[in-house]
Amino acid sequence: MSAPRLEIDLTKLQHNTGYLVEKLSTSGISVTGVTKAFLASPEIAKTLIESGVSALGDSRIENIEKMRHAGIVASMTLIRSPMMSQVARVVRYADISFNTEIDIIRNLSNCASKAGVTHGIVLMVEMGDLREGIMLGDIIETVYDVLSLPNIKLCGIGTNLACRSGVSPDERNMAELSDLADAIDARFGITLDTVSGGNSGNIEWALSGVNTGRINELRLGEALLLGREPLQRQAIDDLHTDAFTLVAEVIESKIKPSRPWGKLEQNAFGEQSSLSEDDFDIAQTILAIGLQDTDLTGLRAPTGIEIIGGSSDHLIVNSGSRLPIGCEIRFQPNYSALVRAMTSPFVEKVVYSHDLNVEHGKPSDS
């Protein structure tokens, strides 16, 4: 089997998804499975649907188009504000889109009217993380404008936390979002279907037993895929953290000094190295994977292997002893490393299942 490769265990993904869907349902919260980290792979998307997610969400319309063309049957939401240049595609392929700009919503309305369809809108509200969102003082006016547009349905409101600035979802900001939904309903005589509280960063809050109020939907990616919450990157109880494994092959194994010699300037990525005070020999192993393929800082090496550096095409580790050329080392990627590995055309994707009999080259035990 070729390397580097990303091994994807659908059975573990099915467990993670089904477990969180069931747990959150007791609080009246449904799950939208976020597909961007795995480039909307139809096989993985189908696994999420079969495991109980109520919808699929992606930040790129190209990925939603990919799932539509693959015959995936599900409600699909564009979870990044649409680009003006793509509104026609958004109306055609996405059932709902998250929005913050009324000019874009007006164009969605025009395209939906021409196509004879109704497009759903979720208005994103700024609640402190300073990514996307309408300021609280402007939300009522925006709702008024949206409700006046033809072929547009206001499905709900939402917010995003723990992404740009790392603001934690908590009882205070989630209650504020619930109160805002109540205020909109009362002001306009409507009932918002969706109050989207956030992403995998909301897991600890949602499962803590607090009153979740009007929050009835979360958009989950990392929690389903990697079994971790993104606030502290802690493993979530009873979930698999190894559904994705990145495998790389050894192409050099030598005893070398631990300390470079010569005058040090910037490396290929503009970084300035500093000389270590220690100078001893190590078993330096080079693997055929690099920064062009993944985030090397986001890889967790097996016991006895220490990641010590890398370049565009190389991952360098201290392996403790010399390893055979051609052998493989298996790493656990974090979310950043996973996203970049899925994007790289040089990393083979191997999807398999213990129970579902979905095999495309089942990995060996190496």
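The values are calculated or read from the model by the stated rules, or taken from the named source; none is laboratory data. It should be emphasised that the depicted structure is a prediction, and the values quoted were computed from it without experimental measurement. All Cβ positions, glycine included, derive from the backbone under ideal geometry; neighbour counts span all protein chains shown.
For region 250-273, the criterion of being surrounded by 11 or more Cβ atoms within 10 Å (Cβ to Cβ), within 25 Å of residue 352 (Cβ to Cβ) and aliphatic (A, V, I, L, M) is satisfied by at least one residue.
Does any residue of region 33-49 turn out to be closer than 20 Å to residue 201 by Cα, touching a Ser or Thr at 6+ places or on another chain (Cβ under 6 Å), among the hydrophobic types (A, V, I, L, M, F, W, C) and assigned to a loop (DSSP other than H, G, I, E, B)? Checked region 33-49: no residue is closer than 20 Å to residue 201 by Cα, touching a Ser or Thr at 6+ places or on another chain (Cβ under 6 Å), among the hydrophobic types (A, V, I, L, M, F, W, C) and assigned to a loop (DSSP other than H, G, I, E, B). With respect to residue 317, determine if the residue is part of a strand (DSSP E or B) and either at pLDDT below 95 or crowded, with 17+ Cβ neighbours inside 10 Å (or both). It is true that residue 317 is part of a strand (DSSP E or B) and either at pLDDT below 95 or crowded, with 17+ Cβ neighbours inside 10 Å (or both). Might you let me know whether region 242-249 holds any residue that is more than 16 Å from the chain's Cα centre (by Cα), in the same structural domain as residue 341 (by TED's automatic domain parsing) and not in a strand (DSSP E or B)? Scanning region 242-249 turns up no residue that is more than 16 Å from the chain's Cα centre (by Cα), in the same structural domain as residue 341 (by TED's automatic domain parsing) and not in a strand (DSSP E or B). Elements of the type helices (runs of 4 or more DSSP H) sitting completely within region 65-178 and holding at least 2 residues that are under 27 Å from the mean Cα position of the chain (by Cα) and over 22 Å from residue 220 (Cα atoms): these cover 87-93, 102-115. Over 16 Å from residue 245 (Cβ atoms), in a strand (DSSP E or B), at pLDDT 95 or above and of a type in the set (Val, Ile, Thr): does that describe residue 285? Taking the combined requirement at face value, the residue satisfies it. Listed conditions (1) touching a strand residue (DSSP E or B) at 6+ places or on another chain (Cβ under 9 Å); (2) farther than 30 Å from residue 48 by Cβ; (3) hydrophobic (A, V, I, L, M, F, W, C) are all met by residue 268, apart from (1). Scanning region 50-64 for residues that are over 13 Å from the mean Cα position of the chain (by Cα) and part of a loop (DSSP other than H, G, I, E, B) returns 51, 52, 53, 54. Tallying residues that are of a type in the set (A, V, I, L, M), under 10 Å from residue 198 (Cβ atoms) and out of contact with any helix residue (DSSP H, G or I) (no Cβ under 9 Å at 6 or more places or on another chain) within region 165-179 yields 1.
Residues checked against (1) surrounded by fewer than 16 Cβ atoms within 10 Å (Cβ to Cβ); (2) out of contact with any Lys or Arg (no Cβ under 9 Å at 6 or more places or on another chain); (3) over 27 Å from residue 17 (Cβ atoms):
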{"site": "36", "(1), (2), (3)": "no, no, no"}
{"site": "39", "(1), (2), (3)": "no, no, no"}
{"site": "52", "(1), (2), (3)": "no, yes, no"}
{"site": "56", "(1), (2), (3)": "no, yes, no"}
{"site": "76", "(1), (2), (3)": "no, no, no"}
{"site": "89", "(1), (2), (3)": "no, yes, yes"}
{"site": "96", "(1), (2), (3)": "no, no, no"}
{"site": "100", "(1), (2), (3)": "no, yes, yes"}
{"site": "104", "(1), (2), (3)": "no, yes, yes"}
